[in-house]
Amino acid sequence: MTEESDSPMTDTDSTTTGPLVPEDITADSPFTLPGFFAALAEGRLVAARCTECDTHLLPPRPACYGCGSRAVTLSEQPRTGEVISYTSVNRPPSAFDHLAPITVAVVELDSSARLTGRVDASLEDVTIGDRVELQVRDPETVDIDPDFGLSYEEEWPIHVFELI
Amino acid sequence: MSTAHLIAVGSSPLGKTDLPGRDLFSKALAEAFEGLPDPADVVDGLYVGAQSERYENQIMQGTLMAEWAGLRNVPAERVEACAAAGALALKNAVRDVRAGVHDAVLACGVEKMTAGGTEGATNALGAAFERALEQRSGITAPATYALLARRYLHETDATERDLAKIAVKNHQNAVANPRAMFQQAVDIETAMDAPDVAPPLKLYDCAPVTDGAAAVVVANDEVAADLQSRPDTVRVAGVGSAANNLAVAERDLTFVEGANVAASTAYEDAGVDAADIDVAEVHDAFTVCEALLAEAAEFAPKGRGIETVEDPEDRSAGWTDVQINTSGGLKARGHPIGATGLLQAVEAYEQLTGRAGERQVADADTALLINEGGVADAHTVAHVLTAQ
Ligand SMILES: [Zn+2]
């Protein structure tokens, strides 16, 4: 995997698959959170994909919870998908107070990968099956209490879905 | 392998109390050891379930609770799996007794949740969710369970009213439980008219923030036989546990697979089937959980878990005659996070020894406990208890 770390966004037959070796686990690799968020800041959402059972793992990790295999590879994800479930956080953690109520959803991307995120819409405007697109925002513009973030999270972008 | 017996149980008052965690523990311990020798003469190890140090700025509860019980230089460990911590303490105690590592072990749990108000509890509980994508999206415990509930209502015939009926049933059960935080009935219209917390979940769909502690003694055959003042012990016949994904997004939202694995493992360990279970305490942190767990425990056909509120003769084909959450459940008995799994054991002990008073289920001789931590079955511990 080491050679792929400069261009880890491909998911082709030539991409080496795991098991990862210790040298693969660096802050440049999307197999770690710093690498995952660095790619996201550049607009690329990267999952791991299990080459044994095709489960998508978001964020990427070294082993597949679906089948136990470590034969995982990086796979750039589509930014569009649909709402699987949704709700509104009426009393969020204090760092998010001023954003309340927060609409959140579980979204299944067109690749089948799933992730939770805020939806930039009011609860009444969202329903199961709605098409959404992932957007990436600078943490400062989201205006979350800076004390919420851990030191290593400060540069990590915040993701949000928009209805399309 | 030795048999593990539950020989004594105790709990503190449940609710918003003026007592800190260690004193709540003292209350539970005092009840459990009423009529017994000193703890130091009975147990030689301790496990304590405690969710978060944020409530009282205190970790090392293993050492602290051992001191308060008069135990010295024995293994005494805090265990943590969010709200499954209590059952995890029980599981470890049972494992040690079965393996012959200890003759008797104290399993306890404690949480002083009201110390930082609702905001403190929300922030402390928030740590149980996946950090990178889910916490940073502002989710809370009610919101994660609302994501399960919304999908459950979408995929089944169940309605918000069906979920509310689960809360009404559990409040009704709690009326007959002197240990309960809310020993009072609630009618369906009150539950339906209550404010939204995280739609479709409303106030009465959510278990309360609760201070409380519980303590139980797990012992081998010899110790159980020695303590003849309590001849009516119950046997811990089966144990199972399983971890599922941490992130809610990566789960099956309408089937709590980890809970199914944990319950099935406990059934197999005990040599029983779902149909043998007379009473069950399952983790109704939110009403939808009781429906999901009725299905995961194989009491109910898929999608019909909401019939937990019906009398057995009125349930669909495929349902067992189990009575669920006779204590009032987390919703009405109360949910002091680290103690909840042991409060479930307290109820099973009372049901299986005929001490459950007006809520006694006739001929109850086999019980299932399901305690969960994180979102739903992020971590599940299940126990099967049987009357001697
Ligand atoms: Zn796989």
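The values are calculated or read from the model by the stated rules, or taken from the named source; none is laboratory data. Quick caveat: nothing in here was measured; it's all calculated off a predicted structure. In this analysis, Cβ positions are derived from the backbone assuming ideal geometry, glycine residues included, and neighbour counts consider all displayed protein chains. We work out accessible area using only protein heavy atoms, side chains counted, and drop any ligands, DNA or RNA first. Shrake-Rupley method; radii C 1.70, N 1.55, O 1.52, S 1.80 Å.
Between 0 and 90 degrees, rounded to the nearest ten: what's the tilt of helix B:85-99 against the longest Cα principal axis of chain B? So the helix axis and the longest Cα principal axis differ by about 40 degrees.
For the residues of A:116-122, the average number of beta carbons from a partner chain within 10 Å of their own beta carbon is 4.
Applying the Kirkwood pairwise sum to the alpha-carbon positions of region A:10-76 produces a hydrodynamic radius of 11.7 angstrom. Comparing mean-square fluctuations of B:R359, B:R136, B:R95 from a GNM of chain B with C-alpha springs under 10 Å, the top value falls on B:R136.
Equivalent-ellipsoid semi-axes for region B:268-361 (Cα gyration tensor, √(5λ), whole Å, largest first): 20, 16, 13. Each label point was placed 7 Å from the Cα along the Cα-to-Cβ direction; for A:E82 and B:R355 their separation is 5.4 nm.
By the helix-only formula, in which each DSSP H run with n ≥ 4 contributes -39500 (n - 2.57) and the sum is divided by residues, chain B has a 222 nm mean residue ellipticity of -10000 deg cm²/dmol.
A 1.4 Å probe run over the protein chains yields, for chain B, 33 Å² of accessible area per residue, whole-number rounding. When the C-alpha to C-alpha distance is required to be over 20 Å, the pairs from B:K91/B:K302; B:K165/B:K202; B:K27/B:K91; B:K112/B:K165; B:K16/B:K91; B:K169/B:K202 that qualify are B:K91/B:K302; B:K27/B:K91; B:K112/B:K165; B:K16/B:K91. Distance between the 7 Å Cα→Cβ label points at A:A41 and A:E162: 2.2 nm. Between the helical axis of B:117-126 and the dominant principal axis of chain B, each derived from Cα atoms, what acute angle in degrees is found, rounded to the nearest 10? That works out to roughly 90 degrees.
Quick check on region B:145-216: take the gyration tensor over C-alpha atoms, sort the square-rooted eigenvalues as a ≥ b ≥ c, and tell me if it's rounded (a/c under 1.5), prolate or oblate. Prolate shape, in that a/c is at least 1.5 and a/b is the bigger ratio.
Take the accessible area of A alone and of B alone, subtract that of the pair with a 1.4 Å probe, and the total buried over both chains is about 2900 Å². Highest-first packing order for the peptide set B:311-319, B:6-14, B:195-203 is B:6-14, B:195-203, B:311-319, based on the mean count of other beta carbon atoms within 10 Å. Accessible surface for B:D41 stands near 120 Å², nearest 10, in the context of the full protein assembly shown (1.4 Å probe). Straightening the chain between B:E189 and B:D38 buys 49.4 nm, computed as 0.36 nm per residue apart minus the Cα-Cα spacing. Convex hull volume of the C-alpha atoms in chain A, normalised per residue: 118 Å³. Name the shape class, rounded, prolate or oblate, that the alpha-carbon gyration tensor gives for region B:87-240, where a ≥ b ≥ c are the square roots of its eigenvalues, rounded holds for a/c under 1.5, and otherwise prolate holds if a/b is larger than b/c and oblate otherwise. Note, shape of region B:87-240 comes out prolate.
Peptide B:139-145 has a mean of 6 when you count, residue by residue, the C-beta atoms of other protein chains within 10 Å of its C-beta. Helix B:287-296 and the longest principal axis of the Cα set of chain B meet at an angle near 70°. Across all directions, the average projected area of the convex hull around the alpha carbons of chain B is 16.8 nm². Computed in the context of the full set of protein chains, the accessible area of region A:92-135 at 1.4 Å probe radius has 39% of its extent on carbon or sulfur. If you add up the charges near B:V381, with Lys and Arg at +1 and Asp and Glu at -1, over every other residue whose beta carbon is less than 13 angstrom from its beta carbon, what do you get? After counting each charged neighbour, the total is -3. Summing +1 for each Lys or Arg and -1 for each Asp or Glu among the other residues whose beta-carbon sits under 13 angstrom from that of B:M113 gives -2. In the context of the full protein assembly, B:V248 retains an accessible surface of approximately 0 Å², using a probe radius of 1.4 Å and ignoring ligands and nucleic acids. Shape analysis of the protein assembly as shown places it in the prolate category; the axes a ≥ b ≥ c from the Cα gyration tensor give an a/c of at least 1.5, with a/b above b/c. For chain A, set up a Gaussian network in which alpha carbons nearer than 10 Å are linked by springs, and say which option among A:E140, A:E124, A:E52 fluctuates the most. In this elastic network of chain A, the residue with the biggest mean-square fluctuation among A:E140, A:E124, A:E52 is A:E124. With the Kirkwood sum run over all distinct C-alpha pairs, region A:80-163 has a hydrodynamic radius of 13.3 Å. A Gaussian network model of chain B, with springs between Cα atoms under 10 Å, assigns the largest mean-square fluctuation among B:I337, B:I277, B:I188 to B:I188.
Looking at region A:80-163, the accessible area is 45 square angstrom per residue; that uses a 1.4 Å probe and ignores ligands, DNA and RNA. Between the amide H of B:G15 and those of B:D211, distances stay under 5 Å, these residues lying 5 or more places away or on another chain, with hydrogens modeled in the peptide plane.
Across region B:224-321, the mean sequence separation of Cα contacts (distance under 8 Å, 6 or more residues apart), normalised by length, yields a relative contact order of 22 percent.
For the peptides B:259-265, B:236-242, residues were scored by their other Cβ atoms within 10 Å and the scores averaged per peptide; the highest-first order is B:259-265, B:236-242. The helix-only estimate of mean residue ellipticity at 222 nm for chain A, built from DSSP H runs of length n ≥ 4 each weighted as -39500 (n - 2.57), is -2000 deg cm²/dmol after division by the residue total. Think of a 1.4 Å ball rolled over the protein heavy atoms: region A:10-76 then has 45 Å² of accessible area per residue. Remark: mean inter-chain Cβ contacts per residue of A:63-70 equal 1, using a 10 Å Cβ-Cβ cutoff to other protein chain atoms. Taking Cβ atoms as reference points and 11 Å as the exclusive limit, the residues near B:R136 contribute a net charge of -1, counting Lys and Arg as +1 and Asp and Glu as -1.
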